[in-house]
């Protein structure tokens, strides 16, 4: 008799399917929380926004947000990391690395850097400015996050500078530190704030300005 005999693979396949669905649901919930948090933080500011508001807007529990993000500062950290990915299929940093490895024309590479800036800055700069403003109020967690963000950005610029100098794409005699500082200055959120948020430049116009500024100072 066939009683008690299980169909091959049925149980394992069902468990795999269920785990996949849970992961997809968790990721969708995470994206929703970050989207609602971004909206509320940028509308109301860091101090005025509560976890309770974010949870209600995301249709999740307060406990779920604390479990997954550790509070408001953790949410902002996650938002900043998300913003650096850009809107392309690959994370923007990976695409930047690929462009640096493949580039033969340094001016074309500066134009690509400008396009990356055009893509990423509208996402990242508002969050960086949120962190700066919250740190200025004396929030210790946000002051620590501001230092982490600035330090990470400078490390990234130094990484870029070393790659470009190693390939002979920058002006002869330029040190990695000088090149990194120039790129650091060109990616500061305050520059985006001045030209885009205050003066009304488009992201495309801003990206072209960054490309020409980098070319003028690095090549």
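The values are calculated or read from the model by the stated rules, or taken from the named source; none is laboratory data. Since this is a predicted model, take the numbers as computed values, not measurements. Counting neighbours? That spans all protein chains shown, and the Cβs are built from the backbone with ideal geometry, glycine included.
Of the residues making up region 61-75, those that are touching a residue at least 24 places away in the same chain (Cβ under 8 Å) and touching a helix residue (DSSP H, G or I) at 6+ places or on another chain (Cβ under 6 Å) are 65, 69, 73, 75. Applying the set (1) surrounded by 13 or more Cβ atoms within 10 Å (Cβ to Cβ); (2) under 29 Å from residue 158 (Cβ atoms) to residue 53 leaves exactly one unmet item: (2).
Here's the yes/no breakdown for (1) within 24 Å of residue 44 (Cβ to Cβ); (2) in contact (Cβ under 8 Å) with a residue 24 or more places away in the chain:
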residue	(1), (2)
124	yes, yes
127	yes, yes
134	yes, yes
141	yes, yes
156	no, yes
162	no, no
193	yes, yes
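Of the residues making up region 175-183, not a single one is on the phi > 0 side of the Ramachandran plot, in the same structural domain as residue 102 (by TED's automatic domain parsing) and part of a loop (DSSP other than H, G, I, E, B). Checking region 90-99 against the condition returns no match, with no residue being touching a helix residue (DSSP H, G or I) at 6+ places or on another chain (Cβ under 7 Å) and over 27 Å from residue 196 (Cα atoms). Residue selection: residue 167 fails the criterion of being assigned by TED's automatic domain parsing to the domain that holds residue 111 and modelled with pLDDT of 95 or more.
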